[in-house]
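Okay, so here's the structure we're looking at.
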Amino acid sequence: MDKDILVTRSSMPSFNEYCDEIKDLWQSRWLTNNGSKHQQLIEQLKKYLGVKNLDLVVNGHAALELSLAALGLKGEVITTPFTFISTTHAIVRNGLTPVFCDVKPDDFTMDPEKIEELITERTCAIMPVHVYGNVCDVKAIQQIADKHHLKVIYDAAHAFGETCQGQGVMNYGDASCISFHATKVFHTIEGGAVCTKDPDLIRKISLLKDFGIESPEDVELVGANAKMNEFCAAMGLCNLRHVDQEIQKRKSVAERYRSHLSHVPGLQLNVLQTGVQSNYAYFPVIVDPETFGMNRDELFEVLSTHHIHARKYFYPISSECACYRDRYDSSLTPVALMLSRRVLTLPLYADLALEDVDFICDVILHARDAYKR
Ligand SMILES: *Cc1c(COP(=O)(O)O)cnc(C)c1O
């Protein structure tokens, strides 16, 4: 096969649907600053995600940064190094200190049993990540937070639309931050949102994303500019109409992968969490070099030669990145470190043909022979 299979491909509405959605912007000339698309998208997302309060921002990273800022935190934040670098940066850029907690080997989320030993008198919050859409042990984390009076801010960038025991996942913690980046299950090209039960917190977020401007003649907070514009909100309105169908298609792709790979010695697939309605955001595979017969990097190379572009996601872990590694010892989170050296996320998007999945799996199953040649 000569065509390239990319790790992801953005979902899009038809050209005409998007044009219809943005047409009235040529009349109104209201292009940003809480316009009508923005307001509609907030209302529709609140309903879809089953949350009380939600505000839109320019990207998922801003959602994280502004949530930490709005909570007025100081000191140390216990977080995971097995994440996209945004999580760690958001903490550091607020003048806070990340303290890395190891993750569980089965679902890759923060290990609650390792949190308490990291708590000091400087700890102010916990920032876990619903990695690949795997829902964290929210109950255990909340118990620890309550006991030690800590805030919990979820990086829920991967968890759009998921439910756990019938409840929207965005309801956990003091705040949940979502990303609507073009590569995510639901997107607004660039975009993000903060969800919270606390109406005061959402008010602060809406001030902080607009320079802290309270009224034309009053500035209440030292804010940033992190507003979502009308063209992005319009993309969101279109994509939201199709997202359930897109998730169904992702599910078929994920199930096809499972049908080929679930019993291959040396390949660990993502857990199927009980009670969780997944969004099938990613298809991670953990390659055990001993049992599988080749390591992750070698498998990555074999796939590349067949024009299949998998992703080493997450590699390296945050504490190993150039900007942080002088300050951290990554061997203190051995599970995260091991996973980062063994993980590969395989191509997954709604329109990935099932025949392409068959081909990818074929390449994986014959990888060792191909590598020897
Ligand atoms: C995508 C992502 C972010 C950042 O979101 P952007 O919208 O790209 O700013 C943060 N955390 C995780 C885990 C992500 O996957």
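Here are a few things to note about the model shown:
- The residues listed here are Arg258, Arg250; of these, the one that is farther than 23 Å from Gly50 by Cβ and of a type in the set (Lys, Arg) is Arg258.
- Residue in region 213-220 that is closer than 16 Å to Ala63 by Cα and either over 20 Å from the mean Cα position of the chain (by Cα) or modelled with pLDDT of 95 or more (or both) present: no
So that you can scan it fast, the table gives a plain yes or no per residue for (1) more than 16 Å from the ligand (Cβ to nearest atom); (2) in contact with a helix residue (DSSP H, G or I) (Cβ under 6 Å, 6 or more places away or on another chain); (3) not hydroxyl-bearing (Ser, Thr, Tyr):
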{"position": "Glu17", "(1), (2), (3)": "yes, yes, yes"}
{"position": "Ser28", "(1), (2), (3)": "yes, no, no"}
{"position": "Lys37", "(1), (2), (3)": "yes, yes, yes"}
{"position": "Asn53", "(1), (2), (3)": "yes, yes, yes"}
{"position": "Glu65", "(1), (2), (3)": "no, yes, yes"}
{"position": "Ala70", "(1), (2), (3)": "yes, yes, yes"}
{"position": "Leu73", "(1), (2), (3)": "yes, no, yes"}
{"position": "Asn94", "(1), (2), (3)": "no, yes, yes"}
{"position": "Met110", "(1), (2), (3)": "no, no, yes"}
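- Scanning region 137-155 for residues that are away from the ligand (no atom under 16 Å from the Cβ) and either open to solvent by 30 Å² or more (accessible area, probe 1.4 Å) or charged (D, E, K, R) (or both) gives Asp137, Lys139, Gln142, Gln143, Asp146, Lys147, His148, His149, Lys151.
- Helices (runs of 4 or more DSSP H) enclosed by region 325-373 - at least 2 residues per element that are surrounded by 19 or more Cβ atoms within 10 Å (Cβ to Cβ), modelled with pLDDT of 95 or more and within 24 Å of the chain's Cα centre (by Cα): 334-342
- Residues of region 156-178 that turn out to be near the ligand (Cβ under 10 Å from one of its atoms) and open to solvent by 10 Å² or more (accessible area, probe 1.4 Å), as a count: 2
- Residue within region 190-205 that is under 26 Å from Ala310 (Cα atoms), within 16 Å of the ligand (Cβ to nearest atom) and open to solvent by 20 Å² or more (accessible area, probe 1.4 Å) present: yes
- Flag if Glu217 is charged (D, E, K, R), open to solvent by 20 Å² or more (accessible area, probe 1.4 Å) and away from the ligand (no atom under 12 Å from the Cβ): yes
Listed here are the residues, each with its yes/no results for (1) assigned to a strand (DSSP E or B); (2) touching a Phe, Trp or Tyr at 6+ places or on another chain (Cβ under 9 Å).
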| residue | (1), (2) |
| --- | --- |
| Pro98 | yes, yes |
| Glu117 | no, no |
| Gln142 | no, yes |
| Ala145 | no, no |
| Val152 | yes, yes |
| Ala157 | no, yes |
| Phe160 | no, yes |
| Ser176 | yes, yes |
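- Selection within region 75-91 - within 15 Å of the ligand (Cβ to nearest atom) and either out of contact with any Phe, Trp or Tyr (no Cβ under 8 Å at 6 or more places or on another chain) or among the polar types (S, T, N, Q) (or both): Val77, Thr79, Thr80, Thr83, Ile85, Ser86, Thr87, Thr88, His89, Ala90, Ile91
- Number of the exception - Asp24 against (1) open to solvent by less than 80 Å² (accessible area, probe 1.4 Å); (2) touching a residue at least 40 places away in the same chain (Cβ under 8 Å); (3) of a type outside the set (A, V, I, L, M): (2)
- Some residue of region 30-37 being basic (Lys, Arg) and open to solvent by 10 Å² or more (accessible area, probe 1.4 Å): no
The values are calculated or read from the model by the stated rules, or taken from the named source; none is laboratory data. The structure displayed is predicted, hence computed values, not measured ones. Using ideal geometry, Cβ is built from the backbone for each residue, glycine included, and neighbour counts are taken over all protein chains shown. Areas reflect the complete protein model, heavy atoms only, side chains present, ligands, DNA and RNA absent. Shrake-Rupley method; radii C 1.70, N 1.55, O 1.52, S 1.80 Å.
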